[in-house]
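Encoded as structure tokens, the structure appears first; notes follow it.
All of the numbers you see were taken from the coordinates with simple rules; none came from a lab. These figures come from a predicted structure and were not determined experimentally. Neighbour counts run over all protein chains shown; Cβ positions are idealised from the backbone, glycine included.
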Amino acid sequence: MPEKHLTAPPAAADKNISVSNWLRLVRVYNLMCKELRSRLKEQSGCTLPQFDVLAQLHRFGRGMTFVELSRELLVTSGNLTGIVDRLTAMGHVTRQPDQRDRRVIRVVLTPGGADLMEQLLPRHSADLEDLLHALSAADQQALQRVLGKLRVSLQSVG
């Protein structure tokens with residue numbers, strides 16, 4: 001009697017690998033976020049969403065509107081309002097009227113917020129290196145290439 005192989009047909013295998021890859025992306029993302037949250041809280045007292053806002057403001061340089069921030073961070077302006085409120089109370093950001101259109105409010109890093117980011121960004125980079133240490137430089141470059149390709153594909157869809 002011929003031996004039966006218990007392998008899925010190629011089409012089914014392709015579907016399963018897509019689901020498997022999605023689940024792996026989500027699990028890895030969640031594990032990394034959990035560890036980064038813990039490290040950020042210990043280093044600065046900031047949450048990961050607060051750090052994301054501070055990092056975006058630091059990168060942009062001249063402050064950003066709520067619309068610009070929500071677009072860059074992919075969060076609703078309602079969520080952003082609470083985050084900015086807490087960052088304002090911590091003394092890391094301030095709200096300022098836009099110079100060209102006083103109806104528009106810009107969120108700007110305070111000098112203390114800028115100093116905090118100068119301290120946190122190198123630590124954050126080191127934390128990410130630590131979390132990705134299992135991947136060789138070549139693996140990280142391959143991952144960057146594949147994720148970039150996926151991002152471009154997804155951006156053209158929506």
Residues whose built amide H sits under 5 Å from the amide H of residue 46, excluding neighbours closer than 5 in sequence, are none
Counted neighbours (other Cβ, 10 Å), sorted fewest up, put 75, 93, 28 in the order 28, 75, 93
Relative to the first principal axis of the alpha-carbon coordinates of the chain, what is the inclination of helix 137-157, with its axis defined by its Cα atoms, in degrees from 0 to 90 and to the nearest 10? 80
Let me have the relative contact order for the chain, percent, based on Cα pairs under 8 Å that are six or more residues apart. 18
Quick one: length gained pulling residue 131 to residue 22 fully straight, 0.36 nm per residue minus the C-alpha distance? 37.3 nm
Least to most buried among 46, 33, by other C-beta atoms within 10 Å and fewest first, runs 33, 46
Trypsin sites (Lys or Arg not before Pro) restricted to DSSP loop in region 20-90 with at most 15 other C-beta within 10 Å: 62
